Amino acid sequence: MSARRLTRRNLLLGSAALVPLLSRRADAFGEKSRFIPAVARHGGRWDSRLSGLRRIAWELQRRTSVEVVPDARPFALSSPELFEYPFLYFGGEGGFPALTEAEVANLRRYLTYGGFLLADANDGSDGDGFDSAFRREMARVLPQNPLAPVPSSHVVFKSFFMLDSAPGRLLNKPQLMGAMLGKRAAVLYSQNDLAGAWSRSESGDFEFDVSPGGEPQRELAVRLGINICMYALCLDYKDDAVHLQLILNKRR
């Protein structure tokens, strides 16, 4: 495998439509060359898992060779700054109002140019609440690419840790859902509140109990989060040798 990888950030920043973004100061770009979770602001409760995102960034740095900024940065979905971040988190508790046409169009461009979206039902809903609202909006954003179950053979389950399930704070659904653009999963969606399993309070205690599997389930949720972050940072993996040497050196 080549030592150089085609990253989502390179593709996003390299798009001709995004040339104005390249005029930003070099020191700002230097910071953004590290992994920083971007967070989608919407009209509902979008900000209840910011500590979980900071935590998974920290875990990513601790367990892998990826350099991070352990932060969670909110952006309007219509913001051009989205294109500087290869990973976008879209979570919520309960339903939320319809996105504006500008938000729908900008999110579609972001995903089409190589951006990655992790959606997370913090309320664990199924057919109502966040789940209903998110599915409604994704049908507008990617009408030709509906959400479908992600099989356990998908590379996201072996991008760093070898996994075969997708638990979060909850285990309501055994599978992730995904929206594919070609062979690429542009969107992954968990109804199990992944970030709820990652969240810690300022005192360092976990904020939420994990059910039904307790702490072993929490560890699996952290590992899945790391896998998803690793997937978001690359456009493609080779199914037969995904970061093989790195896994052998780092996996625990």
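What follows is calculated from the coordinates using simple rules that are stated; it is not laboratory data. No experiment lies behind these values; they were computed from the predicted model shown. Using ideal geometry, Cβ is built from the backbone for each residue, glycine included, and neighbour counts are taken over all protein chains shown.
Which of the peptides 96-103, 225-232 is most tightly packed, and how do the rest follow, going by the mean number of other Cβ atoms within 10 Å of each residue?
The densest-packed peptide leads the list: 225-232, 96-103.
How much length, in nm to one decimal, is gained on full extension between Arg200 and Glu67, taken as 0.36 nm per residue of separation minus their Cα-Cα distance?
Stretched fully, the Arg200-Glu67 segment lengthens by 45.8 nm.
Can you pull the semi-axes for segment 75-181, root of five times each eigenvalue of the Cα gyration tensor, sorted largest first, whole Å? Kindly include the intermediate steps, with their values, before the conclusion.
Numbers: eigenvalues 104, 64, 32 Å².
Those come to 23, 18, 13 Å.
Would you pull out the residues with amide H under 5 Å of Asn192's amide H, same chain only if 5 or more places away, H placed 1.01 Å from N?
So Asn192 has HN proximity to Ala121.
Net charge around Gly94, counting only other residues with Cβ within less than 11 Å of its Cβ (Lys, Arg = +1; Asp, Glu = -1)?
With Lys, Arg at +1 and Asp, Glu at -1, the net is -3.
Once amide H atoms are placed 1.01 Å from N in the peptide plane, what residues at a sequence separation of 5 or more from Val68, or on another chain, have their amide H within under 5 Å of its amide H?
Phe35
Could you give the length gained by full extension between Ser211 and Ala139, i.e. 0.36 nm per residue of separation minus their alpha carbon distance, to one decimal place? Could you put the intermediate results ahead of the total?
Working: separation 72, 0.36 × 72 = 25.92 nm, distance 3.04 nm.
Net length gain for the segment: 22.9 nm.
Which whole-Hz ³J(HN,Hα) couplings does segment 47-59 yield from phi under the Karplus relation 6.51 cos²θ - 1.76 cosθ + 1.60, θ = phi - 60°, glycine and proline marked x?
Once θ is set to phi - 60°, the couplings for segment 47-59 become 10, 8, 10, 5, 5, x, 5, 4, 5, 5, 5, 5, 5 Hz.
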